[in-house]
Amino acid sequence: MAIEVLYFAALREQLDCAGERIDWQAGESIARLAARLAQVHGEAGTALLDASVRAACNQQLVESDAILEDGDEVAFFPPLTGG
Amino acid sequence: MLQYEPYVSVQAEDFCLSSEQRSLHELLQSADGEMNVGALASFVGLVRAERDPEYGPLRALQIEHYAGMTERSLLDICAQAQRKWQLITCRVIHRVGRIAPGHQIVMVMVAAMHRGDAFAGCEFIMDYLKTSAPFWKKACYTGGQRWVAARAHDQQRSARWQG
């Protein structure tokens, strides 16, 4: 299945990537996706493994144990600083 | 009690607090049925002028957002506030893009029957949007730029509304 991944703010700059489409297995967690993406991005990818990184799935904030399904939109980003 | 769906906007353009207040007031006055609103509370957040020890004075904040998720999360925060405090309605405007020191970033406006609910609802929405709405600020100084770090203080203010 395919998953759309977006990166925002400092994380986007560290990875030098705003987003990508990747093949992924249904039923795997966001944490496993982050680990795989970190590998793909080499040294810069370690930024994805930082404890401060947050995630959203289909535009809702989720924890790293959330399970992904086909067609999900996932985003990784630093802590939010709005307001 | 008459309630209206919250109104939110994420936009680059500046806003005018008194125009927003006037338009909300007109909406409430035009309601069929009883005019039960007794309190309108509002908050405006500005870019603070600051000086970085290494990079010098702030020239602007650059605000980025996750288009689509921002509007949904602001509506969700407003809906929570409306339920918790029996608010008649809320309006939130949050700007994105480049904003200079002294200029406006965000507006929260709330209508309720009584001032206790209006003040609390307004503060809740501001505290929550600082930690739950997907915006990120980059501070651009004369000599460099750095992403603004999330503050533990904001997390604590958000957390105190739970329970």
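So in the range B:68-115, with the set limited to residues that are of a type in the set (Val, Ile, Thr), within 30 Å of B:PRO57 (Cβ to Cβ) and outside any loop (DSSP other than H, G, I, E, B), which one is nearest to the other protein chains (Cβ to nearest Cβ)?
Quick first cut of the range B:68-115, residues of a type in the set (Val, Ile, Thr) only: B:70, B:77, B:88-89, B:92-93, B:96, B:99, B:105-106, B:108, B:110.
When the remaining residues are screened for being within 30 Å of B:PRO57 (Cβ to Cβ), the result is B:70, B:92-93, B:96, B:99, B:105-106, B:108.
With outside any loop (DSSP other than H, G, I, E, B) added as a condition, the list becomes B:70, B:92-93, B:99, B:105-106, B:108.
Values: B:THR70: 8, B:VAL92: 10, B:ILE93: 12, B:ILE99: 13, B:ILE105: 7, B:VAL106: 6, B:VAL108: 9 Å.
Filtering the range B:68-115 for residues that are of a type in the set (Val, Ile, Thr), within 30 Å of B:PRO57 (Cβ to Cβ) and outside any loop (DSSP other than H, G, I, E, B), the one nearest to the other protein chains (Cβ to nearest Cβ) comes out as B:VAL106.
May I ask you to verify whether B:LEU58 is open to solvent by less than 50 Å² (accessible area, probe 1.4 Å) and touching a residue at least 12 places away in the same chain (Cβ under 8 Å)?
yes
Considering the range B:122-146, and only residues there that are more than 10 Å from chain A (Cβ to nearest Cβ) and open to solvent by 20 Å² or more (accessible area, probe 1.4 Å), the residue that is nearest to B:ARG91 (Cα to Cα) turns out to be B:GLU123. Within the range A:11-40, the set of residues being within 22 Å of A:THR81 (Cα to Cα) and either open to solvent by 70 Å² or more (accessible area, probe 1.4 Å) or basic (Lys, Arg) (or both) comprises A:ARG12, A:GLU13, A:GLN14, A:ASP16. For the range B:1-65, the strands (runs of 3 or more DSSP E) that sit wholly inside it and include 1 or more residues that are aromatic (Phe, Trp, Tyr) and in contact with a helix residue (DSSP H, G or I) (Cβ under 6 Å, 6 or more places away or on another chain) are B:39-46. A:ALA51 meets each of the listed conditions (1) within 14 Å of chain B (Cβ to nearest Cβ); (2) outside any loop (DSSP other than H, G, I, E, B) apart from (2).
Determine whether A:GLY71 is exposed (fewer than 14 other Cβ atoms within 10 Å of the Cβ), closer than 22 Å to B:ALA67 by Cβ and either in contact (Cβ under 8 Å) with a residue 12 or more places away in the chain or of a type in the set (A, V, I, L, M) (or both).
Working: exposed (fewer than 14 other Cβ atoms within 10 Å of the Cβ): yes; closer than 22 Å to B:ALA67 by Cβ: yes; either in contact (Cβ under 8 Å) with a residue 12 or more places away in the chain or of a type in the set (A, V, I, L, M) (or both): yes.
Criteria met by A:GLY71.
Just to be sure before I move on: is B:ALA149 within 14 Å of another protein chain (Cβ to nearest Cβ) and open to solvent by less than 20 Å² (accessible area, probe 1.4 Å) in the structure I sent?
On the way: within 14 Å of another protein chain (Cβ to nearest Cβ): yes; open to solvent by less than 20 Å² (accessible area, probe 1.4 Å): no.
Considered against the rule, which asks whether it is within 14 Å of another protein chain (Cβ to nearest Cβ) and open to solvent by less than 20 Å² (accessible area, probe 1.4 Å), B:ALA149 comes out as no.
The values are calculated or read from the model by the stated rules, or taken from the named source; none is laboratory data. None of the values given here were measured: they were computed from a predicted structure. As a convention, Cβ positions derive from the backbone with ideal geometry for all residues, glycine included, and neighbour counts pool all protein chains shown. Protein only, heavy atoms only, side chains kept; ligands, DNA and RNA dropped before computing areas. Shrake-Rupley method; radii C 1.70, N 1.55, O 1.52, S 1.80 Å.
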